[in-house]
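A.B. asks: Quick one: structure below, then a few questions.
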Amino acid sequence: MNLKIAILAGDGIGPEVTHEAVNILQAVAEAGGHDFTFTEALLGGVAITAKGTPLPQETIDIALDSDAVLLGAVGDNKFNALSPDKRPESGLLQIRQILGGFANLRPSVAYPALSENSPLRPEVTKGVDILFVRELLGGLYFGQPRSWNKDASAPGGGEAINTMRYTRDEVVRVARIAFELAGKRRKKLTSVDKANVLECSQLWRATVDSLKSDYPDITVEHQLVDSMAMHLMNVPRNFDVVLTENLFGDILSDESGIITGSLGMLPSATIGGKVNLYEPVHGSAPDIAGTGKANPLGAILTAAMVLRHSANLEQEALAIEAAVQQVLTAGHRTADIARGNISATVTTQQMGKLVHSALAESIDRSQSLHAV
Ligand code: NAD
């Protein structure tokens, strides 16, 4: 198959981890006879330095002309004095808006080999594999009116307003994505709301319920967001696909990050817009940029999501995820995930190569199986 991928590696550790992710995608393309083309474009601090703006028009054109956008991370302390709209991070916010994805997917997986990395007990995290589907373009973050009248002595002053607002159509489109993804997984959908207090949540719950008959094989449950925050830490294994509105998803998906145990391990995808956007959850980590300490596994797992959600290459995505598991089980660790009796660590590049070799071995094995 043909796949045009825009590579926006960005700043700090972005280019280091993205390089390893691209190597993995190239290996998949070569093994499967696929034609993946990679077009690099500037975003963030590197774009400010080269072009005077965090999101040059050329980057927008390349992204919109692609089948998928793979992003590293943006952010560079040397631009901290600029106003927010001129800083590297504003390029990221703008490209997200231009690509228009409304469903943010965040897997939260407990890797047995990393059970010591989570503050939760291994018997609690064992077998956890959750996919958060967070609505990304509505709710409190975008609702109007919004304001902050800072002059407390003026009439109506000292007041701040944010508005939570959803339409049925906005809920339907993200809920359908969650139902469909649940259908490809363990067929359970947990919808999170605060329907005992908020009208928006009552609309959310009624809309999810109205779609249930279209997906008869999916079990649907509703959870109030406050109890969900507890259940996630007590019984995370009970959850498969978790559907949330914007603010609740922001909080719960970060909370669930502790199940995996390291920011460097977490992938994400934003789908449903003009072009899907894929990015590891972590930032540009200026404290370790250029030291070879960055964990590339979040970026590599993000590459697996590109194959799953933009290329329908599920087996290949699973093979990448299995290669990551295999490397961790063999005891290889970057510095951020080294714990207990593992003292020797590998660099970003070495970790990338280890996953590449594990993937190549599994591809060889499956090709020789096919040849039998
Ligand atoms: P960060 O995610 O960059 O780093 C937080 C901590 O986690 C640091 O100690 C870092 O060394 C560590 N870390 C992060 N990713 C790692 C990895 N792959 N391997 C090993 N360790 C890793 O968050 P921050 O320090 O708050 O922000 C740094 C910069 O990144 C800021 O400019 C911020 O605005 C930006 N940022 C960008 C994104 C993005 O591009 N999506 C997300 C968050 C923050």
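A.B. asks: Considering each of D67, D61, D76 in turn, give the residue that is more than 22 Å from G249 (Cα to Cα), at pLDDT 95 or above and in contact with a Leu (Cβ under 6 Å, 6 or more places away or on another chain).
C.D. replies: D67
A.B. asks: In region 43-86, what count of residues is obtained for those that are without any contact (Cβ under 8 Å) to a residue 60 or more places away in the chain, crowded, with 23+ Cβ neighbours inside 10 Å and part of a loop (DSSP other than H, G, I, E, B)?
C.D. replies: 3
A.B. asks: Tell me, yes or no, whether region 324-339 has at least one residue that is in the same structural domain as A68 (by TED's automatic domain parsing) and within 20 Å of F36 (Cβ to Cβ).
C.D. replies: Yes, region 324-339 contains at least one residue that is in the same structural domain as A68 (by TED's automatic domain parsing) and within 20 Å of F36 (Cβ to Cβ).
A.B. asks: Is there a residue in region 20-34 that is part of a helix (DSSP H, G or I), crowded, with 20+ Cβ neighbours inside 10 Å and among the polar types (S, T, N, Q)?
C.D. replies: The answer is no, given that none of the residues of region 20-34 is part of a helix (DSSP H, G or I), crowded, with 20+ Cβ neighbours inside 10 Å and among the polar types (S, T, N, Q).
A.B. asks: Determine whether region 321-331 contains at least one residue that is within 14 Å of V28 (Cβ to Cβ), surrounded by 19 or more Cβ atoms within 10 Å (Cβ to Cβ) and touching a Phe, Trp or Tyr at 6+ places or on another chain (Cβ under 9 Å).
C.D. replies: Yes.
A.B. asks: For the list (1) small (G, A, S); (2) within 21 Å of the chain's Cα centre (by Cα); (3) open to solvent by 20 Å² or more (accessible area, probe 1.4 Å), I need the number of the one condition that S147 fails.
C.D. replies: For S147, the exception is condition (2).
A.B. asks: Can you tell me which of A81, A73 is touching a strand residue (DSSP E or B) at 6+ places or on another chain (Cβ under 8 Å) and either within 14 Å of the ligand (Cβ to nearest atom) or hydrophobic (A, V, I, L, M, F, W, C) (or both)?
C.D. replies: Of A81, A73, the one residue that is touching a strand residue (DSSP E or B) at 6+ places or on another chain (Cβ under 8 Å) and either within 14 Å of the ligand (Cβ to nearest atom) or hydrophobic (A, V, I, L, M, F, W, C) (or both) is A73.
A.B. asks: If you scan region 170-204, which residues turn out to be surrounded by fewer than 20 Cβ atoms within 10 Å (Cβ to Cβ) and either within 11 Å of V220 (Cα to Cα) or polar (S, T, N, Q) (or both)?
C.D. replies: K187, K188, N196, Q202
A.B. asks: Being among the aliphatic types (A, V, I, L, M) and over 15 Å from E20 (Cβ atoms) is the filter; apply it to region 306-320 and report the residue that is most open to solvent (accessible area, probe 1.4 Å).
C.D. replies: Per the stated criteria, the residue is L318.
The values are calculated or read from the model by the stated rules, or taken from the named source; none is laboratory data. Quantities reported herein were computed from a predicted structural model and do not represent experimental measurements. When we count neighbours, we look across all protein chains shown, and the Cβ atoms used for this are built from the backbone with ideal geometry, even at glycine. The area values use the complete protein model at the heavy-atom level, side chains included, leaving out ligands, DNA and RNA. Shrake-Rupley method; radii C 1.70, N 1.55, O 1.52, S 1.80 Å.
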